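As structure tokens, the structure follows; a few thoughts come after it.
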Amino acid sequence: MGENWSNWSGNVESRPQVIAVPDDESTVAALVREAAAAGREVRVVGTGHSFTPVAASDGLLLKLDKIASVTDIDADAGTAWVGAGAKITAIGEPLRQGGLALANQGDIDVQAICGALGTGTHGTGRTLGNLSTRIAALRLVTADGEIAELSAENDPEALRAARVSLGMLGVATAVQLNCLPAYRLHEKLWAATVDDCFAEIDGLIAGNRHFEFFWRPEPDICDMKALNPHDGPPDPMDGVDGERVDHSYRIFPSIRENKFNEMEYSVPADAGPDCFHEIRALMQTRHPQVKWPVEYRTLAADDAMLSTAYKRHSVTISVHQDASLPYRDFFADCEAIFRNHRGRPHWGKVHNLTAEDFADLYPEWDAFLAVRRRFDPKGRFLNDYLRGIFE
Ligand SMILES: Cc1cc2nc3c(=O)[nH]c(=O)nc-3n(C[C@H](O)[C@H](O)[C@H](O)COP(=O)(O)OP(=O)(O)OC[C@H]3O[C@@H](n4cnc5c(N)ncnc54)[C@H](O)[C@@H]3O)c2cc1C
């Protein structure tokens, strides 16, 4: 048996028989064929920043850290190919030099690009879909060790399944992303009471390309953030009075030094305010010991079969607890509220849903299962956790 593996927060562990760090796509294909012959399940791990056992493996665990280049930047077409293991933080500068930028990013940028895409990772912005909406094409090593390139032209159904698919259709080796011309962002940070925040939230969401807030239970304050494109140069008054300007990829990410566990649900956009107020009341009454903030973001609808924003504009609400403290009871109480609003859980964050629950929440659930079976009839890319939900 090999070494132990655990995710970032430490709430998921596994013991893969083999951990491999292939140099290139053909080695990935050979490793997948070997694993098939040995009857081993195959999982890929990005950086292990998911809080669910989506990357855990008892068989072969692949790390694609060496398949990480940014190539074929085409500023006119607005596209670039990125190696699946590239960390998001390493993509911004080469894209900028080629005149392009990612359309949106999440709170951190340390994830592997195909790890982030695999769970439908998103940022905030009423008109902006999750990162997977920007996939133009995807190269996969499939269950039989062959190479497939999926695009909207050659297999639109499979691409809608693959956009958010937790690595169940195959090992992604590279992704072609639809980008924007390189841009700078102006960041504005300020604090507001909950009442003031909700008195103006519709205007803030509509009036800023990116708006979000973190509500801190103590002292019951919202830390607000608005980002908008800016024509000026990076600002030498960096951070003064809560404002700064920089290249987009330098403004999006924050540093998360303290480890936590997290639950996040996407609820229909109209339900966002009520859902937040119920979570806040729950924390103030039943869970006053939880000091970690609640994050409130917006997410545009898309049509990926397993996107949490499938055909509905959404608000995403996340609750956190310190990684060293118990979180299950608190999260379960929050989950009851989220579910009451027909929320769909982030695929990389803690939840307690079953296959039956997902079938009820996702209109194209059966279509996804059919594509998964088409790509991987023997379930080589399933671990126990995924088998429990997707088989
Ligand atoms: C501190 C922190 C901040 C976060 N902020 C955000 C945020 O702002 N927005 C948000 O939406 N989420 C956020 N998340 C969640 C995080 O973005 C997702 O869980 C993401 O999937 C993690 O990326 P990863 O590279 O660690 O992937 P992993 O967790 O390692 O893997 C995720 C899934 O992708 C699969 N996978 C990875 N690489 C490949 C590949 N090459 N081919 C096929 N499948 C592959 C894995 O098998 C697994 O199923 C955050 C998490 C943490 C810990």
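Of note:
- Condition met for residue 75 (among the aliphatic types (A, V, I, L, M) and more than 21 Å from the chain's Cα centre (by Cα)): yes
- Hits in segment 76-124 (condition: near the ligand (Cβ under 8 Å from one of its atoms), open to solvent by 20 Å² or more (accessible area, probe 1.4 Å) and small (Gly, Ala, Ser)): 115
- Of all positions in segment 361-368, none carries a residue that is away from the ligand (no atom under 16 Å from the Cβ) and either basic (Lys, Arg) or assigned by TED's automatic domain parsing to the domain that holds residue 275 (or both).
- Scanning segment 176-209 for residues that are within 16 Å of the ligand (Cβ to nearest atom) and either among the aliphatic types (A, V, I, L, M) or on the phi > 0 side of the Ramachandran plot (or both) returns 177, 185.
- Taking the criterion of being out of contact with any Asp or Glu (no Cβ under 8 Å at 6 or more places or on another chain), farther than 26 Å from residue 334 by Cα and within 16 Å of the ligand (Cβ to nearest atom), the only residue of segment 218-249 that qualifies is 248.
- Residue, farthest from the ligand (Cβ to nearest atom), within segment 3-23, restricted to residues that are within 16 Å of residue 62 (Cβ to Cβ) and loosely packed, with under 13 Cβ neighbours inside 10 Å: 3
- Strands (runs of 3 or more DSSP E) wholly inside segment 176-283 that include at least 2 residues being crowded, with 17+ Cβ neighbours inside 10 Å, modelled with pLDDT of 95 or more and more than 22 Å from the chain's Cα centre (by Cα): 184-193, 221-230
- Pairing residues of segment 254-268 that are among the β-branched types (Val, Ile, Thr) with residues that are near the ligand (Cβ under 9 Å from one of its atoms), at Cβ distances under 8 Å and at least 6 apart in sequence or on separate chains, gives 255/108; 267/316.
- Filtering 300, 304 for residues that are in contact with a Leu (Cβ under 6 Å, 6 or more places away or on another chain), in the same structural domain as residue 213 (by TED's automatic domain parsing) and at pLDDT 95 or above leaves a single hit, 300.
- Residues that are open to solvent by 10 Å² or more (accessible area, probe 1.4 Å) and more than 17 Å from residue 308 (Cα to Cα) were ranked within segment 159-175; the one that is farthest from the ligand (Cβ to nearest atom) is 174.
- Test: residue in segment 335-353 that is closer than 25 Å to residue 157 by Cα, of a type in the set (D, E, K, R), in contact (Cβ under 8 Å) with a residue 60 or more places away in the chain and outside any loop (DSSP other than H, G, I, E, B): yes
- Selection over segment 273-320 of residues that are among the small types (Gly, Ala, Ser) and over 30 Å from residue 167 (Cα atoms) gives a count of 1.
- Considering residues of segment 358-389 that are in a loop (DSSP other than H, G, I, E, B) and open to solvent by less than 30 Å² (accessible area, probe 1.4 Å) only, the residue farthest from residue 37 (Cα to Cα): 362
- Residue in segment 125-139 that is open to solvent by less than 10 Å² (accessible area, probe 1.4 Å) and in a helix (DSSP H, G or I) present: yes
- Qualifying residue in segment 304-326 (condition: open to solvent by 20 Å² or more (accessible area, probe 1.4 Å), more than 12 Å from the ligand (Cβ to nearest atom) and touching a Phe, Trp or Tyr at 6+ places or on another chain (Cβ under 8 Å)): yes
- Single residue of segment 24-62 satisfying the filter (among the basic types (Lys, Arg) and more than 9 Å from the ligand (Cβ to nearest atom)) that is least open to solvent (accessible area, probe 1.4 Å): 40
- Residues located in segment 13-42, provided they are of a type in the set (A, V, I, L, M) and over 27 Å from the mean Cα position of the chain (by Cα): 30, 35, 36, 37, 38
The values are calculated or read from the model by the stated rules, or taken from the named source; none is laboratory data. Worth saying up front: this structure is predicted, and the values here are computed from it rather than measured. Note that we place each Cβ from the backbone using ideal geometry, even for glycine, and neighbour counts take in every protein chain shown. Protein only, heavy atoms only, side chains kept; ligands, DNA and RNA dropped before computing areas. Shrake-Rupley method; radii C 1.70, N 1.55, O 1.52, S 1.80 Å.
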